[in-house]
Each structure stands twice: as structure tokens, then as C-alpha cells.
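Colleague: Here it is: the structure, laid out below.
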Amino acid sequence: MARIHLDNVWLNYPVYNTHAQSLRSRIVSAATGGIARRARARILEIQALRGITLDLRDGDRLGLVGPNGSGKSTLLKVLAGLYPPSSGTFAREGRAETLFDLSLLDMDATGYENIQLLIALRGINAERRRTLTAEVAAFSELDNFLDLPVRTYSAGMLARLGFSVATAIEPEIFLVDEVLGAGDQYFLKKAGRRIEELSQRSRILVLASHSMDMVRQFCNRCAIMRRGRILDEGPVQDVLSRYTN
Amino acid sequence: MRSPEDLAELVRSTPWRFETARMALRGESRRVPDVYAEAMALLREGTDGGREQAARIFQAILDAAPEFAEGHFQLARIHALAGALDKARPLAANAAAMDPDNLNYLVLHVAMQATANNFTNAAGAVRAFAHKHARGIDRNAPDERLVTDFVDEYLTLVLPDHALHNGRLWPLHAVIDEVIAEWRDQGGRPDASAAQRLQQVLEFHPAWAEARFWLAEMARRDGRIAQAYALCEQGERLHTMDWPLWMVFGALEAARGNEPQALAHFEEAALINEHLPAHAPADLTADGARALIAWHRDALAALPLAPGAYSRPWRYPELPEIALRPRADAPSAFQPREALRDIVAGIAMTSAWWTLARNDVLSRYRRTFLGPWWTVAGTGIGLVGMALVWSIIFRLPAAEFFPYLSSGYAVWLFIAATLTEGCQAFTDGTAQAIQKNMNLPRFIHVMRLVAKNVIVFVHTLSIYLAGALFFGITVSAATLLVVPGILLLIANSLWAACLFGLAGARYRDLAPAVGAFLTVTFFVTPVIWKADMLRERAHLADLNPFTHMIAIVRDPLMGLAPPALAWQTALALCIAGWIVTILVYARARRRVIYWL
């Protein structure tokens, strides 16, 4: 049983410029008896999410659609538990797995080493790690490339590797941000089948994408986001037809 | 017919223009396109003078080549823009007759006919066109409506920013001005012709924010709420909202008693216009919300009903003090229990931090033959050299000095690396990537860093071991004390790495500051010299906590029991350090992600 529940979630994101972040500004502020307190006011706060209310249950595959900076990625990071909401309630049941960016990969290590590293990060013990590594390697179909350093991979191959690891230990909640787009058609189909499988076993998928096609392909619900708000949410066909008009 | 003045004007202009005009006059119509391009360039200048000159050239073209339909059309357009509709009408009719399939010609022709109330003729032309091209035109509509709808929809093709109204062509803003005047003079009759006309035009220009605003605002002021509401809703649906319309929308919702929706709309307005007060609805107290709604109502009321008022800067009323309430369920910033849980869970995730630490050591020496032993080789050679020189300077036997130096130096390297790298425990590339992608206990980054430095420490310690074997070192019961010594050193390095990591993430100056500070500290800490060399001032070295941190590991390795003061200092430091670190961690743990 997986569930995500957000009730009026706001997220203020402080942006530190070099001034606000330096120790000197703090010391100067203290030394001048607060005359230089403006340093504090310089910390810009961005309202990244503004009153998000969302309820996702087993079998929901939600597509997040919206222009750049509309809060899609931030919302995903809240769902992943990475960003604590500034206010509002956020509750999640079920283990979440993310596929956000591929910065986790060690570019100089080989594909195998990366798989092992990524699996170890998920707190899997040594025996299970071995069988899992084999599974991931088989699913990714990268074969001999797995013995090469990851820096030699193409963007599509990186996406394959990331996706294979992220879905290896079946997540109850799967959060995906854009990366999948780099995979080729064949792998997209395969990924689609696995997502299909996951969601049939009552799991939740949240996918942020610019591509309406991907949302149509993978999702059954869709939320339109703009400036940190959900404008419209509902069954994918209804929402997309309203939105594209 | 051409007047002599016109010709003289053409001759006075550039020779090229004279030449093309002369050619056109002589009837060399193959050059007509060149002359045409020249005339269009003049038209695009958008000035009255440019239009006049273009008109003369088109007239010349038509004199020379009367079958040139585009010439008729362009000349008609110029006359229509200048308000000379009587001159424009026959020319437009010519163009439409010459090329009945051209939509542009037809629109202008039909519009011109409509200005003369010749709806029957115009409607006939539209029907003929619709019969052939079927552009979703309702051919069964009554003549007058057929014509006005057709013109409303397509007039922008030939005369942008114009509308047909009361038998005249109007610039769009002029229609608004007339609506405003009508509303003011007649007390806002909903059936006032100008307002109705504007509403009709809006159907074909839905993105025309100013017209939508005036219609909605006038309807609101008149109490025609349903109409005002419909205009706003349509604007929202079509994503053509500008901030003044959001204000109207908000005021309408407020009047309905739907306060949260009103506040949300005002916020939308404030997001577009930064001069408006921006408050998140959730932040407002009931009083604050009321004050904000009243403010917006006043701001709208302060807008004078005058042409152009929309685009002039608005005069806003004084903003009252609006008290904000603290976010109701904002989580407490201080979470000691969660912090402790994070630390325990972080330590428990051995596979994660151990693999990371191992990878750190390996990746530094990837594709090298010696691997981590390169550090050992480098440090070892340095230590042998130092031991040779310093043992002579200090007049100490190398057998005693080399183990002392190599063990102390290994501990020092560990401490220094933990502190300098500790500043980047959370901000280093891999740590950032993990924190931005996975929800893991944050303490694993501290564990990873300390584990990595322990691995390096064990390697550097092998230099000491080699020396100890070579020179033969006294082994006693006190040697066993090395185990608690190292454990205490690690316990201290954990809190230090965590505290420096948090501080280093927030204040980026810390890392270089620590680096500079440690260089000095190295020389005032007994690593390459012995505390008793200070003779009667030996106690000065005891003031340095690093002295004791090194002693609890080095002394057992030399077969000596460390002094009680060393144990006490290290233990006290450990307890105090952990308390401070947990207090800081309880507050900062959740915020670190924003500091990256």
C-alpha cells in the first residue's frame, strides 16, 4: 500500500548569493551592531511551491507538465523527502526511488562499479548485491559496455543505466524527472513495460516531463503546473485536451 | 491621373526611385515588382510621409499597369488608413474583382462596402467566397451579421489594430475610448452600442487584455456581475490574463464572499505587477485579508474612467500595515530527536559509506600502478628525509626519532585531512549528488569522509610499522592502549567533521580559513619536535588540544602510556564537541539541502 498526501504545501527556497554566504558578512554585521543587517535581507526567498494539495494512491501514475521553473522538479524533490516543506503537511507511505539526474554516477568508474556503488547506497547487503548487480546488468542490456568507464557512455546509455538501477529494487513510489527522454525508442518501450508492471502491482509513479507524448504513454493522471501551483489535475486525456487548447 | 507636383516630387527623390517611376510610367510592367518592393518599404516605415510617397508610386504603377490587382489593393489600404474611404472603396472593389480568391482583397472590399452600408453586395461577395473555400463562414446568416463577423474575424489581416464600428474604421484603442465616453455620458447602459461592439470584437481578439479589462470593470461597477464574471473566466481559460483583470476577478470573488479565491487572484496580479502587494493567502490573518481586499477595491475605484487610463501608471492607495500570521503548521526548526536518529541510521548504513569511502580512495588513484601506496611512498620518503635531518639537529638517535615522527605525523595527517576535507563533507560533488537524488541519512557523508581518512591513516601508519620493525620498538602492555586511543580519535573526528561540514556548507569561507589555520598549527604542535624540548615551558604544549589528540595514539605506539591529561582532554573534547554538534545538527540538518 503506497500513498502520497500533500495538503497545502508551500516551499520557500532560500537562495544564497556570495555575499549572504560569507562569514565576513556575518562578522561585519555583528561588529557594526546590526547596521549591516541588510545582509540578511539579501537572502532571496523563492516561492517554489505555492499551496500544493495532492493525493496519490496505489496505481496512480501522475505526469507533471509545465514550463521551466514551474516547480515540477521541486515538487518531485518534496515527494522524495529531499526538501522539507516550509509549511503544510506532507505524508508518504512506501519506499520511494528517484531518477532525477545522473550526477550520482562516478564518471571514471566502470558501469559495473557504478551499479555496485548505487546498490550499496541503498543499503543492500553484500550477498544480495551480487545477484542484484547481475539483474541490473541484464536489464540494462549494456553488455560489454559495463566494463568500460561510464564517461565513455552516451546520454541514452547513461539513462539506461540509471533507470535499470532505480527500478532494480522494486520501488513502491517511483519519481522520475525528465532523464528518460534520452533513451532510445526500444529502451523507452522496455522502460514503459517495467513501469506498467510496477503500476499493476499497485505502485505510484510521478513523472515530470516536457513531452506530452511521454505523459500520455506512461501516465493515467496529469497535473499542469505553473509558477509553483497546480492549475489543473485529473485524468490525462481530459487535462491535456483542456491544456493544449 | 498624375499631377505635375507629384512627378516633380518623384524626380526630386533619389535617382533610382525616379528611374523606376519613369519605367512604370512608360509601361515597362516587367519592372513593376521592383517598384512595388520600393513602395512597400516606404509603407513599412509607418510614417504619414512614407504612406504619401507610397501612394504616389502605386498611383504611378496603376497608371502604367492598370491590371496590377495588388496595386489597387495597397492603394485602397493606404486611403482607408488615411480615412479617405470614398477613394478606397472603388479601388478595393477593383482588387476584389480582379482576384476573387484572395482573402485579403475580399476583406478590404467587404469592409469598405460595409462602411457605405452596402451590406447586400458585400454579403454576396462573402457568400461566393465561402461557397468556394468553405472557411467556416455561416452562409445563412443575415447579410449584416455575416459581413460584420467576417470583417471582425479577418480585418486584422489587412488593417491590424482596426475594427469596423458605426460605419467607420476605427483604431482599436479609439473603440475603447468611445466605450468609456459612452459609459460616462449615459450612465453605463449595457446595451450601449459601443460596448456591444467591443464585446463582439473581443470575440475575435480574445487576447486583447485592455478591452477585456474595461468591459469587465464597467460591468462590475454597474453591478452586472454575471457578465463581468464571464469575461474574467473566459480570460483565465484562454490564458490571456493581465494583472488588472486579475484584480477585477479578485474583487468579484471577494464580493461573492469567496475570500480565499479572491486572495489567490490578487496574488496572481502581484506576480505580474511587482508594485502590487504580494502576500501568499496562507500568510494572511483574517484582518490582513480584509485589509488587502479593501486595498484592491480602492485601487480599482481610484482608476479614472478616462481614455488611456489603463496604460498610464496607476495611482495606488496607501497600503495599510498588514499583519502576517506565522505559518500554522510550519515544522519546528529544532529537531534533536530526528538529528540523533539520523546519526544512528547514518552509522548503521555501513555498506553505503564504506563503499563510498573505498571508491574515494580508489578513484584518486584510478589507472595508477601503486594506487593508495603512492601516498605511502611520498610520505615515507619525506619522513625518512626529515628523520635524518632532524635527528641530527635535535641530537636524537634515529631509532628513537623515526618511530616518534612517523606515528605522530600519521595522526597529524589524519586530523588535518579530517578538518580541511570536513568543511566540504556535505558540499563535495558526490555528497551533493546523493543529497539531491536520494533520501539517505545525512550523516553517511560524515561517515564516508572519516572512513576514507581512516583508510588513508592505516596506509600511512605502515611507514611507522616498517620503521618499528627496522629499529625494533619496545612493546609493552601500554601498547594495547592504542585501541582506545584510536577509537577516541575517531569519535572526535566524527563530530568535528560533522560540525565543520555544516559550517562549511553555510559559510564557504571556512574551508580556506581552516587550511590556513592548520599550516600554522602544525608548527606549534609537537609532531616534528618533542614537548620536552621546550624545557621549563613544556606545559605550553599542553594548552594545544592537538598535542593530546596525537599523544593518545602516538604514545602507545611508542610503548608508553599517554599522560592522564591527554586522556582527560580528549574525552572532554569528545563529550563537549558531540553536544555542540548534535545541537547544531538538530537545527541545521534539514536546511543543509538549501545551502548546497
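The values are calculated or read from the model by the stated rules, or taken from the named source; none is laboratory data. Owing to the predicted nature of the structure, the values given are computational and were not obtained by experimental measurement. Neighbour counts run over all protein chains shown; Cβ positions are idealised from the backbone, glycine included.
Colleague: Name the residue, out of B:E274, B:E318, B:E268, that is surrounded by 17 or more Cβ atoms within 10 Å (Cβ to Cβ) and either among the basic types (K, R) or at pLDDT below 85 (or both).
Modeller: Exactly one residue qualifies, and that residue is B:E268.
For (1) at pLDDT 85 or above; (2) away from every other protein chain (no Cβ under 11 Å); (3) under 17 Å from A:I224 (Cα atoms), each residue gets a yes or a no:
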position: A:T18; (1), (2), (3): no, no, no
position: A:G33; (1), (2), (3): no, yes, no
position: A:I46; (1), (2), (3): no, no, no
position: A:T53; (1), (2), (3): yes, yes, yes
position: A:L64; (1), (2), (3): yes, yes, yes
position: A:S70; (1), (2), (3): no, yes, yes
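Colleague: Scan the helices (runs of 4 or more DSSP H) fully inside the range B:254-355 and keep the ones with 1 or more residues being within 13 Å of another protein chain (Cβ to nearest Cβ) and in contact with a helix residue (DSSP H, G or I) (Cβ under 7 Å, 6 or more places away or on another chain).
Modeller: B:259-272, B:336-348
Colleague: Kindly evaluate B:R448 against the criterion of being within 27 Å of B:V376 (Cα to Cα), within 11 Å of another protein chain (Cβ to nearest Cβ), out of contact with any Ser or Thr (no Cβ under 6 Å at 6 or more places or on another chain) and not β-branched (V, I, T).
Modeller: When the stated conditions are applied, B:R448 passes them.
Colleague: Considering only the range A:113-133, how many residues are more than 10 Å from chain B (Cβ to nearest Cβ) and surrounded by 17 or more Cβ atoms within 10 Å (Cβ to Cβ)?
Modeller: 3
Colleague: Condition first: part of a loop (DSSP other than H, G, I, E, B), at the interface with another protein chain (Cβ under 8 Å from one of its Cβ atoms), among the hydroxyl-bearing types (S, T, Y) and touching a Phe, Trp or Tyr at 6+ places or on another chain (Cβ under 7 Å). Can you find one or more residues in the range A:96-112 that meet it?
Modeller: Taking every residue of the range A:96-112 in turn, none turns out to be part of a loop (DSSP other than H, G, I, E, B), at the interface with another protein chain (Cβ under 8 Å from one of its Cβ atoms), among the hydroxyl-bearing types (S, T, Y) and touching a Phe, Trp or Tyr at 6+ places or on another chain (Cβ under 7 Å).
Colleague: Quick one: in the range B:79-97, which of the residues that are out of contact with any strand residue (DSSP E or B) (no Cβ under 9 Å at 6 or more places or on another chain) and modelled with pLDDT under 85 is farthest from B:T156 (Cα to Cα)?
Modeller: B:A84
Colleague: Additional query: For the range B:432-443, give me the residue count where each residue is of a type in the set (A, V, I, L, M) and either surrounded by fewer than 18 Cβ atoms within 10 Å (Cβ to Cβ) or away from every other protein chain (no Cβ under 11 Å) (or both).
Modeller: The total comes to 0.
Residue-by-condition table, conditions (1) touching a strand residue (DSSP E or B) at 6+ places or on another chain (Cβ under 7 Å); (2) within 11 Å of another protein chain (Cβ to nearest Cβ); (3) within 22 Å of A:N125 (Cβ to Cβ):
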residue	(1), (2), (3)
B:V361	no, no, yes
B:R364	no, yes, no
B:L370	no, no, no
B:W374	no, no, no
B:G378	no, no, no
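Colleague: Search the range A:152-165 for residues that are within 17 Å of A:R194 (Cα to Cα) and pair each with any residue that is of a type in the set (S, T, N, Q) and not in a loop (DSSP other than H, G, I, E, B) when their beta-carbon atoms are under 6 Å apart and the residues are at least 6 apart or on different chains.
Modeller: A:R160/A:S140; A:L161/A:S140; A:S164/A:S140
Colleague: State all residues of the range B:101-119 that are more than 51 Å from the chain's Cα centre (by Cα) and not hydrophobic (A, V, I, L, M, F, W, C); if no residue qualifies, say none.
Modeller: Selection gives B:Q113, B:N117, B:N118.
Colleague: Can you run down the residue pairs with Cβ atoms below 6 Å, 6 or more apart or on separate chains, where the first is in the range B:334-359 and in contact (Cβ under 8 Å) with a residue 24 or more places away in the chain and the partner is of a type in the set (S, T, Y) and surrounded by 15 or more Cβ atoms within 10 Å (Cβ to Cβ)?
Modeller: B:A339/B:Y585
Colleague: Return yes or no: is B:A564 small (G, A, S) and at pLDDT below 90?
Modeller: no
Colleague: I'm told B:T368 meets every condition in (1) without any contact (Cβ under 8 Å) to a residue 24 or more places away in the chain; (2) assigned to a helix (DSSP H, G or I) except one. Can you identify the failing condition by its number?
Modeller: That leaves (2) as the condition not met.
So that you can scan it fast, the table gives a plain yes or no per residue for (1) part of a loop (DSSP other than H, G, I, E, B); (2) under 29 Å from A:L121 (Cβ atoms):
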| position | (1), (2) |
| --- | --- |
| B:P403 | no, no |
| B:M447 | no, yes |
| B:V454 | no, yes |
| B:F457 | no, yes |
| B:L465 | no, no |
| B:F470 | no, no |
| B:T474 | yes, no |
| B:L480 | no, no |
| B:P484 | no, no |
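Colleague: Follow-up. For B:F426, only one of the following conditions fails: (1) in contact with a Gly (Cβ under 7 Å, 6 or more places away or on another chain); (2) part of a helix (DSSP H, G or I). What is its number?
Modeller: Going through the list (1) in contact with a Gly (Cβ under 7 Å, 6 or more places away or on another chain); (2) part of a helix (DSSP H, G or I), B:F426 breaks only (2).
Colleague: Give the residues of the range B:505-557 that are surrounded by fewer than 16 Cβ atoms within 10 Å (Cβ to Cβ), among the small types (G, A, S) and more than 41 Å from the chain's Cα centre (by Cα), sorted by residue number.
Modeller: If the condition is that a residue be surrounded by fewer than 16 Cβ atoms within 10 Å (Cβ to Cβ), among the small types (G, A, S) and more than 41 Å from the chain's Cα centre (by Cα), then B:A538 is the only one that fits.
Colleague: Just to check your reading of the model, which residue among B:P484, B:P526, B:P512 is out of contact with any Gly (no Cβ under 9 Å at 6 or more places or on another chain), modelled with pLDDT of 90 or more and more than 14 Å from chain A (Cβ to nearest Cβ)?
Modeller: The conditions single out B:P484.
Colleague: Inspect the range B:399-410 for any residue being within 14 Å of chain A (Cβ to nearest Cβ) and charged (D, E, K, R) and give the result as yes or no.
Modeller: no
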